[in-house]
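Data first, discussion second: the structure below is written as structure tokens.
The values are calculated or read from the model by the stated rules, or taken from the named source; none is laboratory data. From a predicted model like this one, the values you see are computed outputs, not experimental measurements. Cβ placement follows ideal geometry from the backbone for every residue including glycine, while neighbour counts extend to all protein chains displayed.
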Amino acid sequence: MDINSLSAIITGGGSGLGEATARALHARGASIGILDLEGSNGADVASSLGGVFVPADVTSDEQVTKAIADAAAAHGGIHILINCAGIASAERTVSRDGPASLEGFSRTVNINLIGTFNTIRVAAAEMVKNDPTEDGERGVIINTASVAAFEGQVGQAAYSASKGGVVGMTLPIARDLARDGVRNNTIAPGLFLTAMLMGLPEEAREALANVTPFPTRLGKPEEYAQLACSIIENPMINGETIRLDGALRLAPR
């Protein structure tokens, strides 16, 4: 799809990968809707792009339904959904304190996996209303997994399960939506320079960067955004999970 003049919603668009993607889409002529938590930087990002901020918790049926309806009303429909909202977690299955918290495991899966499906299902219902392009396209969805979906490290059972679930539903959702001309793909980033890693000491960041074969550095959010734009523009990329990791394969720890 030609990004120019399309309408996009970016979840978690108030920072990191989501913000970078929102800015890249805006630079290519898209109208931007930022879906993020109330109190996030989402309102400021949306304002700077002439877009709309639609606050919502991705795990809430009611909030997501309202947010996407509001964004669609503001921009005359929804053509692109980028799912960047999520959390990271780390807890061993059994530690010195006993078994891992079931509440913590459930929260991670609820936000990263169920929250992703929640926004997909609601946004896709808006996309199928769009007039098709010459190729028959009505919309594009891009989700965010992680290389931890494939090589989860010590303490990443919940995080890996949630991101593995995103990978696992990529193809069936693409097949579900194929008849309506809506594509669904997933990006699985490696180690990227987001707020979570920026909070680490410089020495720790350098150590992480050194485990990536090439380029031997942390990924830039703009590189995620670049791939997202390429996926949108290439109609043959569908039902695919693309690793964006500089040939990184995570060690156990």
Taking the stated definitions as given, is ASN112 closer than 13 Å to THR59 by Cβ, buried (at least 21 other Cβ atoms within 10 Å of the Cβ) and in contact with a Gly (Cβ under 6 Å, 6 or more places away or on another chain)?
yes
Members of segment 101-132 found to be charged (D, E, K, R) and over 18 Å from THR186 (Cβ atoms), listed by number:
GLU103, ARG107, GLU126, LYS129, ASP131
Mind checking which residues of segment 191-220 are touching a residue at least 60 places away in the same chain (Cβ under 8 Å) and either touching a Pro at 6+ places or on another chain (Cβ under 8 Å) or within 20 Å of VAL166 (Cα to Cα) (or both)?
PHE192, THR194
If you go through segment 80-87 one residue at a time, do you hit one that is farther than 16 Å from MET127 by Cβ and free of Cβ contacts under 8 Å to residues at least 60 places away in the same chain?
yes
Yes or no: segment 142-149 includes at least one residue that is surrounded by 15 or more Cβ atoms within 10 Å (Cβ to Cβ), over 30 Å from LEU248 (Cβ atoms) and of a type in the set (Ser, Thr, Tyr).
no
Go through segment 76-108 and give me each residue that's within 16 Å of the chain's Cα centre (by Cα) and buried (at least 18 other Cβ atoms within 10 Å of the Cβ).
HIS79, ILE80, LEU81, ILE82, ASN83, CYS84, ALA85, GLY86, THR108
Within segment 141-253, which helices (runs of 4 or more DSSP H) (wholly inside it) include 1 or more residues that are on the phi > 0 side of the Ramachandran plot, among the aromatic types (Phe, Trp, Tyr) and at pLDDT 95 or above?
none
Which of (1) buried (at least 24 other Cβ atoms within 10 Å of the Cβ); (2) of a type in the set (Asp, Glu); (3) outside any helix (DSSP H, G or I) is the odd one out, the single condition GLU19 does not satisfy?
(3)
Anything in segment 22-39 that is hydrophobic (A, V, I, L, M, F, W, C), surrounded by fewer than 23 Cβ atoms within 10 Å (Cβ to Cβ) and outside any helix (DSSP H, G or I)? List them, or say none.
LEU37
